[in-house]
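The values are calculated or read from the model by the stated rules, or taken from the named source; none is laboratory data. This is a predicted model, so every value here is computed, not measured. So basically every Cβ, Gly included, is an ideal-geometry build from the backbone, and we count neighbours across all protein chains shown. Just the protein is used for accessible areas: all its heavy atoms, side chains included, with ligands, DNA and RNA removed. Shrake-Rupley method; radii C 1.70, N 1.55, O 1.52, S 1.80 Å.
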Amino acid sequence: SQTEPYTCGACGIQFQFYNNLLEHMQSHAADNENNIASSQPRSPLSVVEEKWKPQLQRNNTNNTSASGSVGNSSIPEKERQNIAERLLRVMCTDLGALSVVSGKEFIKLAQTLVDSGARYGAFSVTEILGNFNTLALKHLPRMYNQVKVKVTCALGSNACLGIGVTCHSQSVGPDSCYILTAYQVEGNHIKSYMLGIKGVDLRDNGDFVHHWVQNVLSEFVMSEIRTVYVTDCRVNASAFSKAGMCLRCSACALNSVVQSVLNKRTLQARNMHEVIELLNVCEDLAGSTGLSKETFGSLEETSPPPCWNSVTDSLLLVHERYEQICEFYSRAKKMNLIQNLNKHLLSNLAAILAPVKQAVIELSNESRPTLQLVLPTYVKLEKLFTSKANDAGVVSKLCHLFLEALKENFKVHSAHKVAMILDPQQKLRPVPPYQHEEIIGKVCELINEVKESWVEETEFEPSTKKPRAAGEGSAAQEEDWFGKNEVYDYLQEPLFQATPDLFQYWSCVTQKHTKLAKLAFWLLAVPAVGARSECVNMCEQALLIKRRRLLSPEDMNKLMFLKSNML
């Protein structure tokens with residue numbers, strides 16, 4: 001039998017483990033102390049008298065004693081905590097500051113600032129505060145717990161059905177790390193919280209990563225919370241499927257589609273030597289000078305996500321900037337490279353690959369929901385490859401291969417289908433009519449799966465809902481039909497012509513479409529792509545700390561948590 005959860009008396013958040021509750025309550029206490037201390041209005045004179053009495057006394061007796069020093073006891077513990085907090089904020093702004101804050105120049109700066117406050121009495125910074133790294137890291141657990149309690153409260157007070165969680169690896173050179181992030185809707189915006197970071201060990205199997213994810217999540221949310229996981233190809237999806245729905249990162253999936261078709265060994269085995277030659281020439285043209293972006297300009301205003309590492313980028317660059325590249329190599333007297341280029345094949349391949357890259361960019365948008373775009377993207381690319389599969393020659397062969405790779409690598413989950421319906425501009429429009437009933441059935445299945453979660457949340461319950469009476473079976477059947485009727489009522493409403501703010505829309509129709517609104521606030525917060533733009537920088541800094549052994553893995557994880565969630 002499952003034990004009762006432990007509940008925090010201050011905020012009502014529940015925990016599976018008593019130790020997590022204790023840690024959470026200690027963070028509440030520390031937070032309250034700081035709030036009380038900072039909210040009490042005090043005159044400058046009283047602050048001086050309370051905190052700087054020893055220095056004032058010294059200044060009264062000897063006003064010129066700028067070179068004297070006082071013992072560590074002259075600074076109250078609260079003041080040391082404030083200084084430690086400022087240091088941690090400096091570190092989180094740039095983790096390179098880990099080595100800077102102990103350097104001579106930083107100490108000189110701090111000393112100058114202290115000397116400028118001569119009315120409190122000058123003193124030696126190193127004697128009073130000691131090593132800045134040591135001071136900051138001493139207070140790291142306290143500050144980590146303070147920020148952690150805020151993240152826990154935010155995730156625990158989630159009024160929606162559940163959360164989205166991404167577990168995605170990011171490579172920097174030969175090393176990689178996993179970044180674990182939680183997503184939910186707050187107000188009408190998606191809010192993300194980086195919960196943990198961990199170096200990738202090649203000996204780790206999928207189950208080990210799954211256990212790490214579950215251990216970290218248990219510190220922030222109850223196990224009952226419904227979770228949609230988004231993972232990359234390194235993570236064993238079957239292990240995560242036991243704990244919730246598990247989707248593959250859409251950018252990774254499309255990357256695999258392109259890589260599997262344009263892999264040079266595969267092309268060679270299929271006697272597509274002209275494609276191999278074209279890719280080689282494009283790589284030489286775009287990359288040999290090392291000036292592709294600087295010389296010819298970037299292809300797009302918005303960059304693709306860090307997990308898009310396609311062989312197509314040089315090909316698309318050459319196609320987009322063909323005239324500038326010809327002029328560049330003409331001046332450099334290297335026209336032989338241009339003469340080896342199959343311009344016709346280049347144009348045909350670019351017409352296939354440019355929409356794939358554009359789809360990746362749209363799916364990785366971090367400012368608005370994206371999960372509802374996955375199925376329409378699949379349909380759009382399937383139509384594109386099918387339409388060109390009837391062309392003559394090598395392009396036809398490639399499109400047949402792209403169709404096979406799309407079906408094999410770009411899997412559409414029921415969550416993608418439900419999310420598409422929840423976009424009032426799309427609903428069922430992107431898919432053919434014969435799929436409509438199946439997708440409506442998926443929506444109703446999900447409503448029935450999660451309806452227990454609504455029992456105690458009356459603000460989302462429709463006012464006309466009937467309580468269950470003695471006829472349990474018939475009442476349940478009626479409730480199932482009610483869910484289906486709500487879906488049909490919603491689908492019969494006219495489509496939006498303009499792109500709506502999805503969360504604003506569902507906020508307005510919550511009373512009318514209660515069950516669908518609950519699904520929308522959960523599923524539309526889940527990103528289609530697991531890697532975010534800051535992942536590369538975060539992973540670089542984490543691996544730098546690891547290589548230089550600046551911090552223990554535990555302290556590194558806490559500092560990265562602060563960097564992501566405090567600033």
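Points to keep in mind about this one:
- First in region 145-156 and under 7 Å from residue 27 (Cβ atoms), second anywhere and among the acidic types (Asp, Glu), Cβ under 6 Å, 6 or more apart: 146/31
- Which numbered condition residue 515 misses (of (1) in contact with a Phe, Trp or Tyr (Cβ under 9 Å, 6 or more places away or on another chain); (2) open to solvent by 10 Å² or more (accessible area, probe 1.4 Å); (3) charged (D, E, K, R)): (2)
- Flag for residue 275 being at pLDDT 85 or above and touching a Phe, Trp or Tyr at 6+ places or on another chain (Cβ under 9 Å): no
- Annotation: residue 475 fulfils all but one of (1) of a type in the set (Gly, Ala, Ser); (2) at pLDDT 90 or above; (3) surrounded by fewer than 17 Cβ atoms within 10 Å (Cβ to Cβ); the unmet one is (2).
- Test: residue in region 342-359 that is open to solvent by 10 Å² or more (accessible area, probe 1.4 Å) and assigned to a loop (DSSP other than H, G, I, E, B): yes
- Filter result (open to solvent by 20 Å² or more (accessible area, probe 1.4 Å) and outside any helix (DSSP H, G or I)) within region 370-393: 390, 391, 392, 393
Here is a yes/no grid of residues against (1) more than 22 Å from residue 254 (Cα to Cα); (2) outside the structural domain of residue 353 (by the TED database); (3) in contact with an Asp or Glu (Cβ under 7 Å, 6 or more places away or on another chain):
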position	(1), (2), (3)
382	no, no, no
390	yes, no, no
420	no, yes, no
427	yes, yes, no
445	yes, yes, no
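- Candidates in region 227-262 are the residues that are of a type in the set (D, E, K, R) and either at pLDDT 90 or above or surrounded by 19 or more Cβ atoms within 10 Å (Cβ to Cβ) (or both); of these, the one that is nearest to residue 161 (Cα to Cα) is 248.
- Look at (1) within 17 Å of the chain's Cα centre (by Cα); (2) surrounded by fewer than 23 Cβ atoms within 10 Å (Cβ to Cβ) and you find that residue 265 fails only one, number (1).
For every residue, the table says whether it meets (1) out of contact with any helix residue (DSSP H, G or I) (no Cβ under 8 Å at 6 or more places or on another chain); (2) farther than 26 Å from residue 144 by Cβ.
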site: 170; (1), (2): no, no
site: 184; (1), (2): no, no
site: 189; (1), (2): no, no
site: 195; (1), (2): no, no
site: 207; (1), (2): no, yes
site: 224; (1), (2): yes, no
site: 228; (1), (2): no, yes
site: 233; (1), (2): no, yes
site: 240; (1), (2): no, yes
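- Restricting region 143-157 to residues that are out of contact with any Phe, Trp or Tyr (no Cβ under 9 Å at 6 or more places or on another chain) and crowded, with 18+ Cβ neighbours inside 10 Å, the residue that is nearest to residue 12 (Cα to Cα): 153
- Scope region 130-186; condition touching an Asp or Glu at 6+ places or on another chain (Cβ under 8 Å), polar (S, T, N, Q) and within 16 Å of residue 219 (Cα to Cα); matching residues: 145, 146, 152
- Verdict on residue 533 being farther than 30 Å from residue 451 by Cα and in a loop (DSSP other than H, G, I, E, B): yes
- Condition met for residue 509 (in contact (Cβ under 8 Å) with a residue 24 or more places away in the chain and among the β-branched types (Val, Ile, Thr)): no
- Every residue from region 158-199 that is under 16 Å from residue 209 (Cβ atoms), surrounded by fewer than 18 Cβ atoms within 10 Å (Cβ to Cβ) and within 10 Å of the chain's Cα centre (by Cα): none
- Residue 528 being within 30 Å of residue 449 (Cα to Cα) and either touching a Ser or Thr at 6+ places or on another chain (Cβ under 8 Å) or surrounded by fewer than 24 Cβ atoms within 10 Å (Cβ to Cβ) (or both): yes
- Residue, farthest from residue 230 (Cα to Cα), within region 395-436, restricted to residues that are exposed (fewer than 15 other Cβ atoms within 10 Å of the Cβ) and polar (S, T, N, Q): 396
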